[in-house]
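I have placed the structure first, in the form of structure tokens, so that the comments after it can refer back to it.
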Amino acid sequence: MIPESFIQELLARVDIVDVVGRYVQLRKGGANLLGLCPFHTEKTPSFTVSPTKQFYHCFGCGAHGSALRFLTEHTGASFPEAVRTLAAGVGMTVPEEPRTPRQKAAERERREEGSRQQQILEQAQAHYRASLKQAPDAIAYLKRRGLSGEIAARFGLGWAGSDRRGLASLFSHYEDPALLESGLVIEAEDGRRHDRFRSRIMFPIRNSRGKLVGFGGRLIEAGEPKYLNSPETPLFSKGNELYGLHEARGGIHTEGCVLVVEGYMDVVALAQFGLTNAVATLGTSTTANHIQKLRRASDRIVFSFDGDNAGRKAAWRALQACLPWVAEDVSMRFLFLPQEHDPDSYIRAYGAQALRACLDEAIPLSRFMLDEMAARHDLAEAEGRAACVHEARPLFAQMPEGGYRLQVEREFAQRVRLTPEELSRMLAQDPDPHRFAPSPAAGGVGGSGDVASGAAFSGVPIAARGSTPHDGSGVYADEPAWMRTQGLEGAIPAGRAASGRQRPGRRSAARLVTPMARRLLRLLLAHPDLVVRLGDQQLELLARHPHLTLVSDLVRLVSRCGATHAGALLEAADPDSDLAHAIQDLSTELLVHDLPDPQAEWDDALRVLERQAVQEQCDRLIQGGLTTDGERRRYQELSRRLARLKAAAG
């Protein structure tokens, strides 16, 4: 383990501009530096690097982090590798915390296990590819589907024979636990093993970095299941991966969009006809992680689904996953082919140019959403319009504030015969948290009944949502979950999936964050050194305040790790905590807002808190009736103190 103190010292000495500048051409843009985002395709720079706050943020795809995060995300380096790379650049030697022999052995075993599984998958892939050359039935099937040997080689297609233990010829130790853990074999209850994939065309699944993480297999004869994927393993999670994304990088750039289809056979068939920008989900609904990867790949996404009822249901689930990512600079569209066609059959019947023309005519997300809701309700009657607004409320809640949402709201208001102001007030009400609760089993957005009830998707920048309360109440109607749940007894905090990406939170009707908490959090993120000057009385004031739990957490984090800028705090916070989500969301605001005298702003905020606390104590004493001499003396003391505080504030 690398000591946290070393990480903080390293981040204090490294300049993120130098690190990012090795890979991205940056230019001056006010106090920050701008460039084309290395994580998604774009023509106008939306990638921003802050030299003073030491973090980067892309307003296009949401990529965000410190210098360490940049190296791990952009180069594929592991965290220890990234630390060593940065340390070498500034002449630092990476220390290792003392570990017991058992800890060292466990760490070595984990590394070897991951490497071993990768080797097993690569060995199996070579075996499957070699087997295809000796399988005339499989070759004939691919030829009937119009696939050439060149395309089969490009995608690494292979063949798993019918032998129940075919891999035993490749792996002499067929009982090796790693074969089971890699998902290549299945163990029955009686302990006997057999190959998972048999009599199937094999499709290797690679992650966005090109590493083999699993397989998909398709039967060439009648049987069920027609398609079979690798199970969840340490290397593979179908909710995280998109088939063909690695192979489609060049095609996405050429075509100017990424096309999402329903099966890997569609991806390969489209590539055969020259449409090389297609990717596919792997037998699961579209997840938030999928959308983030798609956003990084292109700013134009087209989902293609069958025109039947099942296809429209799948499209609706994909739409729900897209809502937190809609923006003015990204186009998300839906293509519904005739019911008798899928992308594979359509391109065979009409050719690539005809399918490209269909892509140009794909309907925008907003129209699909509004048309679908209108079709479910009778908008000619008041009851139908009211029910439509009720259904729309949690959907709009997921969309970030901004010009795009405003346009959709106005169009929807016309359909339900409301003014934009009336609709805005209705949408600001809390939706039923149970009607659209997320499905825990889905592992992301998508699947049956997992429309998020809350507005919070912490990967979406707060700055994109706006920061003005709708009604002047001091409570933000569109705040993310970390702002709605802090300091609550029994509240359900919004978390993130294991990958570190966002997942929907649930609204809570209890204590909400105040603008004061937001103000203090931003000040501390921009100037962590403010913590050094805090006295015991001020610390106690923050700790006792019911709505400043996150502020107290941030103070403790700064005190513990000694971070000197926002980038270092991003690394120091527990990635699964509400505080980490708050730091990431609020840090984007630091790119456009700063204060000339942060210490004066901080002191003023604390004085306001102290006045509020004293006033609340006075109010409680008055409500109690001041029945004792002690209460009356206490009230007089507090009143004099309150007068002094008000006088000092001018």
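The values are calculated or read from the model by the stated rules, or taken from the named source; none is laboratory data. Keep in mind it's a predicted model, so treat the numbers as computed, not measured. Please note: Cβ atoms are built from the backbone with ideal geometry, for glycine as well, and neighbour counts cover all protein chains shown. Please note that ligands, DNA and RNA were not included when accessible areas were found on the heavy atoms of the full protein model with its side chains. Shrake-Rupley method; radii C 1.70, N 1.55, O 1.52, S 1.80 Å.
What tally of residues in the range 386-422 results from selecting those that are of a type in the set (Asp, Glu) and either in contact (Cβ under 8 Å) with a residue 12 or more places away in the chain or closer than 29 Å to Ala314 by Cβ (or both)? So the answer is 4. Would a scan of the range 538-551 turn up a residue that is buried (at least 16 other Cβ atoms within 10 Å of the Cβ) and closer than 20 Å to Thr588 by Cβ? Among the residues of the range 538-551, at least one is buried (at least 16 other Cβ atoms within 10 Å of the Cβ) and closer than 20 Å to Thr588 by Cβ, which makes the answer yes.
Each row is one residue, and each column tells you yes or no for (1) within 26 Å of the chain's Cα centre (by Cα); (2) not aliphatic (A, V, I, L, M).
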residue	(1), (2)
Leu184	no, no
Asn207	yes, yes
Leu219	no, no
Asn229	yes, yes
Leu242	yes, no
His253	yes, yes
Leu275	no, no
Ala278	yes, no
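If you go through the range 283-297 and keep only what is buried (at least 24 other Cβ atoms within 10 Å of the Cβ) and outside any helix (DSSP H, G or I), you end up with Thr286, Thr287. Contact annotation: residue pairs with Cβ atoms under 9 Å, 6 or more positions apart or on different chains, pairing a residue in the range 91-103 that is open to solvent by less than 90 Å² (accessible area, probe 1.4 Å) and modelled with pLDDT under 75 with a partner that is part of a loop (DSSP other than H, G, I, E, B) and among the β-branched types (Val, Ile, Thr), are Glu96/Ile2; Glu97/Ile2. Beta carbons closer than 8 Å, at least 6 apart along the sequence or on distinct chains, pair a first residue in the range 361-385 that is in contact (Cβ under 8 Å) with a residue 40 or more places away in the chain with a second that is of a type in the set (D, E, K, R) for Ala362/Arg333; Leu365/Arg333; Ser366/Glu411; Leu370/Glu411; Leu370/Arg415; Glu372/Arg312; Ala374/Arg415.
At least 2 residues being in contact with a strand residue (DSSP E or B) (Cβ under 6 Å, 6 or more places away or on another chain) and touching a residue at least 60 places away in the same chain (Cβ under 8 Å) is the threshold, and among the strands (runs of 3 or more DSSP E) wholly inside the range 1-82 those reaching it are 47-50. Looking only at residues of the range 15-71 that are of a type in the set (D, E, K, R) and within 23 Å of Cys322 (Cβ to Cβ), we find that the one that is surrounded by the most Cβ atoms within 10 Å (Cβ to Cβ) is Glu42. When the range 579-635 is limited to residues that are under 22 Å from Ser66 (Cβ atoms) and open to solvent by 30 Å² or more (accessible area, probe 1.4 Å), the one that is modelled with the highest pLDDT turns out to be Gln584. For the range 211-236, residues that are buried (at least 22 other Cβ atoms within 10 Å of the Cβ) and in a loop (DSSP other than H, G, I, E, B) total 2.
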